[in-house]
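Take a look at the structure set out below.
Readers should treat all values here as calculations from the given coordinates under stated rules, not as data from a laboratory. Quick caveat: nothing in here was measured; it's all calculated off a predicted structure. Note that we place each Cβ from the backbone using ideal geometry, even for glycine, and neighbour counts take in every protein chain shown.
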Amino acid sequence: MSSGGVIEHFSYIVTVFLMVAGLFIVIARGNLIKKLIGLSIFQTSVYLLYIAPGKLLGGTAPILAPQYSIYSNPLPHVLILTAIVVGVATLALGLALAVRIREAYGTIEEDEIVARDNAIEDAEGAGS
Amino acid sequence: MSIAAHLPALQVVLPLLSAPLVVLLRHGGLAFAVVTTAAWAAFACAIGLWLQVGQLDPGGAISYHIGSWPPPWGIEYRVDRLTSFVLLLVSGMAALVLPYSRASVEREIPRELHYLYYAMFALCLTGLLGITITGDAFNIFVFLEISSLSTYVLIALGRDRRALTAAYQYLIMGSIGATFIVIGIGFLYLLTGTLNLVDMAERLRDVENYRPVLAALAFLTVGISLKLALFPLHQWLPNAYTYAPSAVTAFLAATATKVSVYVLIRFYFTVFGESLVFDKLPLPQIMLGLSLLAMFVASFIAIFQHNLKRLFAYSSVGQIGYITLGLSFDSVNGLTASIVHLFNHGIAKGAIFLLIGGMVLGLAKHGAVPPAPTFDRLDGLAKRMPLTCFGIVIAGLSLIGVPGTVGFISKWYLIMAALEKGQFWLVGAILLSSLLAVAYVWRFVEVAYFRAPLAGFEKREAPLSMLIPALLLVAATIWFGLDTSITVGSALDAAQQLVKNGR
C-alpha cells in the first residue's frame, strides 16, 4: 500500500487494529476485569466503523441553512449513541458479575475459578 | 384506528411497560400478577396477528409504521407468516412459564429479588418479541441486547455460585456475537445506505458483487451462530442452562436460541437472498458439516453427563444441529423442517426443563434450597413422582423422533429434503444420531424406573401450578405430532414465501 493509501484508509486501519486488539485481549487474558476491558475496546472499534464514513470533509451538521450545502450523515451518530448505551450497560453488568464472582470465589482469575469448580465437581462425582 | 391495527406495537410495548412498573411496585406478588398479565396480553396479540396474517394473500405481510414514519425512513414492524409463527411460540412459552415461575422462584431465588426476576423476565420477553417483529436491522441489534442483558441477569440469579461464572461467560461470548452482528449490519448499511430489511434486500441486488457484502455475510453468520449455539460456538450454553433457575432454563431453551435461528433465516432468505448465500460461498457445505458435528458430538457428550439438566443442555446443542441442517439444504422442504423443528424442539425441551424444575423441588427436604438433579439422586424417582417422570419420557421420545410425537414430524421433513437432494447417506446419519438420543433418554429411564427408590423420601409430585404448564406442553408434543395442520401448515407457507422471495 502506498503512503497515500495509508492516510486515505487511516480510520479503517485504526478501526481494524482496535477490533483485533480488543478481541485478542478477551481471548488471551484470564483476568475477568481485563477481559471486560478488551470487550469494551472491541465494541468501541465498531463505533468508529460506523461514525468515520458518515463524516464528509467540510461537511457541517445537517441544519438547513442557505450558506451550507454539504452535510455529514447524522444517522450513524444516532445509531452509535444507542450502541454506546448498550456498551455501557454491558460493561456495568459485566463488572457487577465480576464483583459477585469475587465475593463467591475470592478471586477474579479464570484459571483459579475453574480449578475451584473442578474440585467441587470431583467431590460430587466421588460421592456418587 | 381500532386496536386491531395496533397489535404489532402492542405486542412489544405491553411487556416492555410492565418491566419498569414492576420495579416501581417492588413487591413479588404484584410483580407476578403484572408480568403474567402482560405476557398473556402479548400471547393474545400474537394470536390476533396470526389470524390477521392468515387472512392475507400468501406472501403478504402486515407493515406497521412506528410513529407513522413511512419506511424506509422510519422503523417498520413487519409481520409475515414466519414472524407470526415465532411470535406465537415465544409469547406462548412466556404465558406458560410465568404461572409456573411463582412456585419455582419461591424456592430458588431469595424473596427480596423476586420482583427483579419478573422485571428481567418481562425485558427478556420484550427483547425476543422485538427481534422477531422488527423490520429494521439496527433495531434487531437493540432488541437483541435487551434480551441478552436481561438473560445474563436471569442466569446469574441461580443459587449455585457457578451460575455467576456461567452468566459471565455468556456475557462475554454473547457480546462478541452481538458485536459481530453490528459489524455485519454496519457493512450492509455502508453499502446500501438503508437499515430497513426489505429496502436493503432490494438495494443489495445492485452491489451483489462487492467484497464487503461477503464480509457482512460472514460477520452476521458467525455472530448469529454464536447466539444460536451452533457447534462449536456453543460453549456458553451447557453451563448457562445447567445453573440458571429452572423456569429460566425452560424459557431460554424454548425461545432464545430459536429466535436467533429466526434472525439467521431472516438475513439469509429475506436480505441476502439464496443466490448470494448459497452459490457464492461454500456455506451450505460448512453448515452441513457443522450440523452433522452438532448432531453427533453434542449428543454423544450428552450421554456421559452426570447432571440431568446438563445432559439435556447438550441435547439442545445437538437438536439445533437438525435445525441448521434443514437450512443447509436450501429447499422448501428443508426450510419447512427447520421452522417446524424450531417450534417442535421448543415445546419438547421446554416441557423437559419445566418438569426437571418440579423434580428438583421434590429432591429437596422441606423448605431447603433445591439440589442439582444429578443421577445419583434420581434412583427410583418414577415411584415418587410418576407424572413428572412419565412426562419427561414422553418429551424424550419426541427428542428421539418416535412417530406420534412432534420430533417425528421434523425428522420426516428433514429426511424428505435429504432424499430430494439425492443424499441418501444423510438419511442414515439422521437415523444414527437419533440412536444417540435413545441412549441419553434411556439413561434417565433406567435410573428413574429400574432402580430401587432412595430411602427416606415419600411420594410427592411437584406443586400443581408447576405440573399443569409442564404437562400442557407434554400434551402439545403429542397433539402437534398427530395434528400438523397448524405447525406444518404455517411452516410450509412461510418456507414457500421465503424461498420465492429469495429467487
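From the phi angles alone, apply the Karplus equation (6.51, -1.76, 1.60; θ = phi - 60°) to the stretch B:402-411 and give each ³J(HN,Hα) in whole Hz, x where the residue is Gly or Pro.
6, x, x, 10, 5, x, 5, 4, 4, 5
Assuming R0 = 25 Å, what is the FRET efficiency of A:ASP122 and B:GLU446, from their Cβ-Cβ distance, to the nearest 0.05?
The computed FRET efficiency comes out at 0.55.
Short version: ³J(HN,Hα) in whole Hz for each residue of the stretch B:200-213, in order, from phi by Karplus 6.51 cos²θ - 1.76 cosθ + 1.60 (θ = phi - 60°), x for Gly and Pro, what are they?
So the Karplus estimates, Gly and Pro as x, are 4, 4, 5, 6, 5, 4, 6, 10, 3, 8, 6, 4, x, 4 Hz.
Under the rule of -39500 (n - 2.57) per DSSP H run of 4 or more residues, summed and divided by the residues of the protein assembly as shown, what mean residue ellipticity at 222 nm is obtained, to the nearest 500 deg cm²/dmol?
Here the helix-only value at 222 nm equals -25000 deg cm²/dmol.
Summing +1 for each Lys or Arg and -1 for each Asp or Glu, what net charge is found among the other residues whose Cβ lies under 13 Å from the Cβ of B:MET385?
Within the 13 Å Cβ shell, the charges total +2.
May I ask you to derive the FRET efficiency for B:GLU202 and B:LEU281 from their Cβ-Cβ distance with R0 = 22 Å, giving the value to the nearest 0.05?
It comes to 0.55.
Go through the stretch A:59-70 residue by residue and turn each phi into a ³J(HN,Hα) via Karplus (6.51, -1.76, 1.60, θ = phi - 60°); whole Hz please, and just put x for glycine and proline.
x, 10, 5, x, 10, 6, 8, x, 7, 10, 10, 10
How much length is gained on full extension from A:ASN73 to A:GLU103, taking 0.36 nm per residue of separation minus their Cα-Cα distance?
6.1 nm
Once amide H atoms are placed 1.01 Å from N in the peptide plane, what residues at a sequence separation of 5 or more from A:THR60, or on another chain, have their amide H within under 5 Å of its amide H?
Correct list: A:ILE70, A:TYR71, A:SER72.
Distance from the Cα centre of the stretch B:199-235 to that of the stretch B:163-190, in angstrom?
Distance between centres, Cα-based: 14 Å.
Express in whole angstrom the spacing between the alpha-carbon centres of the stretch A:51-128 and the stretch B:466-500.
Spelled out, the Cα-based centre of one part sits 37 Å from the other.
Excluding B:GLU76 itself, calculate the net charge of residues whose Cβ lies under 10 Å from the Cβ of B:GLU76, where each Lys or Arg counts +1 and each Asp or Glu counts -1.
-1
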